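Since the structure comes first, as structure tokens, the remarks are kept for the end.
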Amino acid sequence: MIKAIVTDIEGTTSSLSFVKAVLFPYARARLPDFVRRHREQAEIKPLLAEAKQIAGGEQDEDALIARFIHWIDTDQKITPLKSLQGLIWQEGYRNGDFTGHVYEDAVRNLRNWFGQGYKLYVYSSGSVQAQKLLFGHSDYGDLTPMFSGYFDTLIGGKKEAISYERIAAELGLPAEQILFLSDIKDELDAARLAGLATCWLVREQVLDTGAAHVQVSDFDGIHL
């Protein structure tokens with residue numbers, strides 16, 4: 001019996017195009033100025049120090065900014081970058097520059113499951129802060145009250161089974177009572193290795209009944 005649902009964001013609850021065409025370019029354009037304006041703030045300094053370590057040691061500010069831009073352009077899942085992007089997006093959401101895209105079918109079903117007593121969680125490569133911003137400033141208003149928790153790469157990589165084992169431990173549930181939703185097969189494979197139930201969102205593809213995981217075209221096709 002499923003008691004908790006853990007959902008991915010990009011391609012699952014939200015469109016890939018929103019992230020790639022709106023959020024990423026917004027952060028990329030504003031990152032240099034943001035780093036220069038906030039580099040001495042307590043929240044930013046450790047992120048820059050961690051990024052320097054990942055980049056291989058001492059780098060001046062311009063070189064580090066160039067490295068951040070390269071990571072954005074190559075879609076690297078690097079924790080300090082994701083945290084910086086989240087802070088930049090926070091400004092954008094608060095300024096009303098955009099709202100978070102969420103599919104109508106996802107909102108409707110998440111609300112229904114929440115009303116039925118299922119525990120809802122998010123697991124995304126984007127920072128927890130970025131996740132809360134997207135759902136907190138969505139096209140459908142503030143959706144965050146529905147979610148009991150959020151996970152990002154601090155718990156582990158999304159293609160690693162141990163990450164899902166850690167999530168199950170955090171939730172305090174047997175793995176088989178947790179359903180993971182994603183549009184990425186490798187993530188679903190890892191979740192299944194950890195014992196979770198899985199469902200593959202293929203919004204813009206033809207369903208494959210012989211696929212390794214149950215496939216649905218939207219949240220309406222998910223049966224708990």
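The values are calculated or read from the model by the stated rules, or taken from the named source; none is laboratory data. Since we're looking at a predicted model, the values are computed, not measured. Cβ: placed from backbone, ideal geometry, glycine included. Neighbour counts: every protein chain shown. Ligands, DNA and RNA are excluded from the accessible area calculation, which covers all protein heavy atoms including side chains. Shrake-Rupley method; radii C 1.70, N 1.55, O 1.52, S 1.80 Å.
At-a-glance table
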{"read-out": "Residue-averaged 222 nm ellipticity for the chain, from DSSP H runs of 4+ at -39500 (n - 2.57), nearest 500", "value": "-13500 deg cm²/dmol"}
{"read-out": "Crossing angle, helix 61-73 versus the chain [Cα axis fit, 0-90 degrees, rounded to tens]", "value": "30"}
{"read-out": "Carbon plus sulfur fraction of accessible area for the chain, probe 1.4 Å, in percent", "value": "50"}
{"read-out": "Amide H within-cut-off set for Trp200, under 5 Å, with H built and near neighbours excluded", "value": "Val214, Gln215, Val216"}
{"read-out": "Size of the chain as Cα extents on the principal axes (Å, biggest first)", "value": "53, 35, 33"}
{"read-out": "Rounded to 10°, Cα long-axis angle of helix 45-55 versus longest principal axis of the chain", "value": "80"}
{"read-out": "For the stretch 48-119: accessible area per residue (Å², 1.4 Å)", "value": "49"}
{"read-out": "23 Å Cα-Cα reach of Lys45 towards lysines, excluding residues that sit fewer than 8 places from it in its own chain", "value": "Lys77, Lys82, Lys132"}
{"read-out": "Total charge dipole magnitude, the stretch 88-165, about the Cα centre, Cβ charges on Lys, Arg, Asp, Glu only, Debye to nearest 20", "value": "180"}
{"read-out": "Amide H within-cut-off set for Tyr150, under 5 Å, with H built and near neighbours excluded", "value": "Val122"}
{"read-out": "Sites Asp62 and Phe24 - FRET efficiency at Förster radius 25 Å, r taken between beta-carbons, to 0.05", "value": "0.75"}
{"read-out": "Largest to smallest accessible area among His223, His70, His137, His38 [probe 1.4 Å]", "value": "His223, His70, His137, His38"}
